[in-house]
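None of the figures in this text is laboratory data; all of them are computed from the coordinates on show. Owing to the predicted nature of the structure, the values given are computational and were not obtained by experimental measurement. Cβ placement follows ideal geometry from the backbone for every residue including glycine, while neighbour counts extend to all protein chains displayed.
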Amino acid sequence: MRTGEGSCGEGTSLEATLPEVSIIVISDDESEVSALGNSVLLIEETADRFFTPEKRKLEVLDDELAITYSKKPHVMPHARYDCTLHPFTRVEQETDVPLEQNASFCGECYCYLCDKPASECSSWTCRSGCHCNAHNKSKYWKEHRDMALAGILTIFKLDLTEIDAELREGGNQLENFLSELSPVQQKYRDGTFIMLDCKCLCVCHRDKKPKCNLCIMAHKPMRVHSYLPVYKLVTEYLNKAENEHPKTAAVMLLGAAREILLEKILINPVQCYDAATSVIESSVALMSRIVATLQRLLVLEDYPRNLYEKFITFFQSIPLPRHCCNFINSLNIFRWDNLFLTSVLAGQNLSGTRMYKGKRENLCEPLPVVQSRVKKMEMDQSYRQLVRYLTAVKCPDQAGLFCLKQKMAFYMCKFGNFTQAALFLLQTKGMQCSMASILTPDQYELYLTMLHTNSCPPGKDPVAGEVWIPCEGPPLKAGVFLRIALRILLCNNAFLHEVRCWSTVVRIWSTSDRLSKDGQLIPRIIPEPDKDFQMMLLDLSCPILDELQRHNMPNLPPPFHQPHRVAAEFIVIVQAVTRFMLSAALPLPPMLELVFAFGSNLWGLDLLIQNIIPMNSLLLAFMSNIQKELNDNEQQVLNTLDYRGGVYASNLISVFLLHGCGPVRIFGQHLIDVLLKNVTRYNWTAIVGNNLKNRVCSMNSHLFIFNEVQMQILLSKLGRLTGKK
């Protein structure tokens with residue numbers, strides 16, 4: 001259409017200036033009933049004689065609008081019932097014969113059911129299924145169209161608008177599976193004939209009488225139905241389904257569940273020893289796996305509510321045989337937005353109970369659901385909500401729930417509640433046993449490090465690494481950490497004789513409670529108190545350790561609240577290690593790790609040696625033990641000394657070399673001999689030689705540790721360490 005002002009001038013061909021335009025009006029909604037009942041409306045057809053613009057008179061409609069040109073529109077592809085060339089007769093359901101002119105079609109008519117050109121429809125006029133009569137106003141034909149487009153997905157009663165690529169792929173996988181499963185199921189139903197492998201001792205064989213029933217059972221082939229091929233095929237299918245996209249997997253699993261539950265139960269005349277050959281035992285095992293996987297999917301995946309509910313409704317619509325009745329409510333699990341569940345996660349319902357329809361209801365969920373919720377909250381780093389959930393939830397599988405609860409102390413540390421985490425490790429209420437009694441040495445070191453430094457390892461797993469992340473939260477009160485650390489150690493019977501655990505305690509107290517800027521642990525130097533303070537604390541330590549051994553939490557005396565609190569705690573630990581060594585059976589386990597655990601606080605190692613000197617047999621066992629370890633692991637010892645430097649090496653050798661007890665000095669001399677053998681490999685041996693020379697000369701002058709000959713030999717060795725002969 002053009003306005004009068006925009007008409008072409010004389011001598012100009014309208015066909016040359018105007019583009020070809022197809023004028024088609026398509027309604028927005030097929031369900032709307034227009035005057036013609038069609039989805040395509042064509043402008044009134046113009047006779048051929050008016051196609052030439054020059055032969056048509058100018059038609060003025062009003063003062064501003066005039067028709068200067070028109071052309072027959074091009075007909076677009078359309079459903080048969082919308083064809084304007086061939087009339088269509090609508091009825092609700094007619095499948096036998098074509099109605100009136102319904103079988104006629106133009107070149108652009110499409111089949112409503114096949115969604116193909118009418119000329120390509122194989123059922124256009126087919127008897128008992130005339131597609132030419134199909135139209136969109138019939139409920140019967142509309143359902144058939146939905147079935148044709150949705151395929152097997154119609155069993156879930158999904159709308160076409162809900163079906164996406166994942167769901168369609170699930171339907172395709174399910175259809176392929178059913179085509180493979182059908183002959184295998186039929187073979188199971190038909191069964192196979194076998195001869196029973198048994199000897200007949202009936203008297204009728206000797207008397208040549210007619211065979212009795214016992215003989216017939218022994219000699220006649222018996223029909224046996226083995227479900228094993230079906231079980232194997234379904235298992236392979238489930239393996240494949242669990243690796244698909246969430247929606248695809250749900251369709252595949254629910255379809256398989258229907259086939260399993262609707263399978264006919266055929267009884268065998270003889271008992272089969274393989275459980276997979278029995279349809280009852282096999283179906284229970286397969287359904288357990290299917291239900292567990294579906295439970296995980298419903299928790300972990302964000303299915304739309306409508307799709308979620310249709311999956312549940314479909315499962316509930318399957319009739320359950322008697323042996324599978326326990327699965328009846330297995331998919332009735334709370335969505336994340338359920339009010340009961342959200343109240344627990346928000347901390348508004350700490351007990352996990354509520355009154356529902358006049359009855360008390362607990363938050364009780366199967367183990368796969370609990371595991372999936374834990375996994376989801378771990379991924380979202382919702383550790384506070386995770387602790388609330390595990391505290392409130394109940395589970396039929398108590399052992400599985402206890403395994404999940406073992407990480408609750410770790411979760412508490414992740415959101416900064418270190419005090420509650422420490423108490424949880426010793427808690428026994430509502431637990432099969434306290435966490436302290438089942439910790440491994442690695443876990444013990446991990447938790448001590450977290451509680452000591454107010455930090456956690458990165459990630460969602462309680463595994464120690466080189467980097468630690470500070471967590472916001474109040475630290476443990478003074479003295480609480482000492483009592484918690486020792487009480488956990490004394491509660492675990494396996495730890496009492498594990499040198500590594502005692503070394504861990506010593507090493508933790510030799511570490512700063514603050515991290516470096518890059519998240520590394522920093523060594524701590526504890527100032528050495530005077531000898532009187534050390535002796536006093538050793539005496540005060542005995543009743544404290546006795547109370548902790550009885551699983552009590554004793555009050556600490558005033559010295560633990562003074563500026564020397566850290567040193568006082570360190571002395572208690574030395575006393576605890578002394579008790580451990582006294583209770584250990586001879587020969588002692590490897591102890592060199594304990595020696596290195598003191599770090600730069602070697603006055604604690606000297607105090608430990610002083611404690612065991614009165615027990616001569618224990619002292620000799622300790623020294624001979626570390627001497628043997630040095631011989632067996634010489635390179636490892638050298639690597640440790642190289643890492644810590646010459647000052648540490650000289651201080652460590654001094655503890656042994658300048659001791660008043662002869663067996664202790666021997667180990668110090670042996671360390672010097674080891675360094676002499678490797679003097680050219682390390683650049684810090686000169687520091688060791690010079691430091692030891694100054695200490696030996698100053699101390700021997702008034703303590704007379706070495707005689708003149710021993711002094712000359714020792715000074716010669718130290719000179720070689722410094723590079724001087």
> What is the set of long-range amide H partners of Thr511 at a cut-off below 5 Å, with H atoms built 1.01 Å from backbone N?
Replying inline: Arg524
> Just the C-alpha atoms of segment 626-725: what Rg/Rh do they give, with Rh taken as the Kirkwood radius?
Replying inline: 0.94
>> Less than 15 Å Cβ to Cβ from Asn176, Lys/Arg counted +1 and Asp/Glu -1: what total charge do the surrounding residues give?
In response: -4
>> List the chymotrypsin sites (Phe, Trp or Tyr not before Pro) within segment 297-360 that DSSP assigns to loop and that have no more than 14 neighbouring Cβ atoms inside 10 Å.
In response: Trp336
> Using alpha carbon coordinates only, what is the Rg to Rh ratio of segment 78-137, with Rh defined as the Kirkwood radius?
Replying inline: 0.90
>> Let's test the formula: R0 of 45 Å, r as the Cβ-Cβ distance of Gln348 and Leu266. What FRET efficiency results, to the nearest 0.05?
In response: 0.25
>> So for segment 626-725, averaging the separation of alpha carbon pairs under 8 Å that are six or more residues apart and normalising by length, what relative contact order in percent results?
In response: 28 percent
>> Using Cβ contacts closer than 10 Å as the measure, can you line up Ser179, Ser600 from fewest to most?
In response: Ser179, Ser600
> Using 1/(1 + (r/R0)^6) with R0 = 60 angstrom and r between the beta carbons of Ser516 and Asn306, what's the FRET efficiency to the nearest 0.05?
Replying inline: 0.65
>> Run the simple label-point estimate for Gln710 and Met553 please: 7 Å along Cα→C-beta, distance reported in nm.
In response: 5.1 nm
> If you wrap a convex hull around the C-alpha atoms of segment 535-575 and split its volume per residue, what is the figure in Å³?
Replying inline: 62 Å³
>> For a 32 Å ceiling on Cα separation, which of these pairs sit above it: Lys139/Lys310; Lys375/Lys429; Lys232/Lys405?
In response: Lys232/Lys405
> Packing-wise, with mean Cβ within 10 Å as the measure, how do 666-675, 278-287 rank, highest first?
Replying inline: 278-287, 666-675
> When the Kirkwood radius is taken over all Cα pairs of segment 325-456, what Stokes-Einstein diffusion coefficient follows at 10 °C and 1.306 mPa s, in µm²/s?
Replying inline: 100 µm²/s
> What FRET efficiency, computed as 1/(1 + (r/R0)^6) with R0 = 60 Å and r the Cβ-Cβ distance, is obtained for Lys717 and Gln381, rounded to the nearest 0.05?
Replying inline: 0.55
> Between Thr428 and Tyr643, how many nm apart are label points set 7 Å from Cα along the C-beta direction?
Replying inline: 3.9 nm
> Given +1 on the Cβ of Lys and Arg, -1 on the Cβ of Asp and Glu, and no further charges, what dipole in debye does segment 584-725 carry about its Cα centre, rounded to the nearest 20?
Replying inline: 540 debye
>> Under a crude label model (7 Å from the Cα following the beta-carbon direction), how far is Thr313 from Met699 in nanometres?
In response: 8.6 nm
>> For Leu341, Leu233, which order do you get if you count the other beta carbons within 10 Å of each Cβ and list the fewest first?
In response: Leu233, Leu341
